[in-house]
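Q: Below is a structure I'd like to ask you about.
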Amino acid sequence: MKARPEVIAEAISCKKRGMPYRQISKHFKEYDRGHICPATAYNWVKKYGAVLRDFNMKQIPVLSGKINI
């Protein structure tokens, strides 16, 4: 990929928060993070979304043993 990993991760994060692909494209234009079209955002989510989900599911949280309710 030509884009930096941080940009791809941000696009996936935006989609995870419920933004449509056109809005993700607009988000990047507004904050001068680069010009990506909605199809590019879709391809990134399709290609890397499952990989990141699998990675996150394998992470085990470190807990102190105490739970505050």
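Q: Can you compute the helix-only [θ] at 222 nm over the chain? Use -39500 (n - 2.57) per DSSP H run of at least 4 residues, normalise by all residues, nearest 500 deg cm²/dmol.
A: Helix contribution divided over all residues of the chain: -20000 deg cm²/dmol.
Q: Now for a separate question. Suppose every K and R has +1 on its Cβ and every D and E has -1 on its Cβ; what is the size of the dipole of the chain about the Cα centre, in Debye to the nearest 20?
A: Using only the charged Cβ atoms, the result is roughly 160 debye.
Q: Measuring from label point to label point, each 7 Å out along Cα→Cβ, what is the Ala50 to Lys66 span in nm?
A: 4.3
Q: Two-decimal Rg/Rh of the chain from alpha-carbon positions, Kirkwood Rh?
A: The Rg/Rh ratio comes out at 1.14.
Q: Let me ask something else. Using only Cα atoms, find the angle between the long axis of helix 21-30 and the longest principal axis of the chain, and express it within 0 to 90 degrees, rounded to the nearest 10.
A: Approximately 80 degrees, to the nearest 10.
Q: Nearest 10 degrees, 0 to 90: what angle lies between the long axis of helix 38-58 and the longest principal axis of the chain (Cα atoms)?
A: 10
Q: Give me the percent of accessible area attributable to carbon and sulfur for the chain, probe 1.4 angstrom.
A: Carbon plus sulfur share of accessible area: 58 percent.
Q: Also: For Arg17 and Tyr42, what is the calculated FRET efficiency with R₀ set at 22 Å and r taken between the beta-carbons, to the nearest 0.05?
A: Result of the calculation: an efficiency of 0.90.
The values are calculated or read from the model by the stated rules, or taken from the named source; none is laboratory data. Quantities reported herein were computed from a predicted structural model and do not represent experimental measurements. Note that each Cβ is placed from the backbone with ideal geometry, even for glycine, and that neighbours are counted across all protein chains shown. Just so you know, the surface numbers come from the protein's heavy atoms only, side chains and all, with ligands and any DNA or RNA stripped out. Shrake-Rupley method; radii C 1.70, N 1.55, O 1.52, S 1.80 Å.
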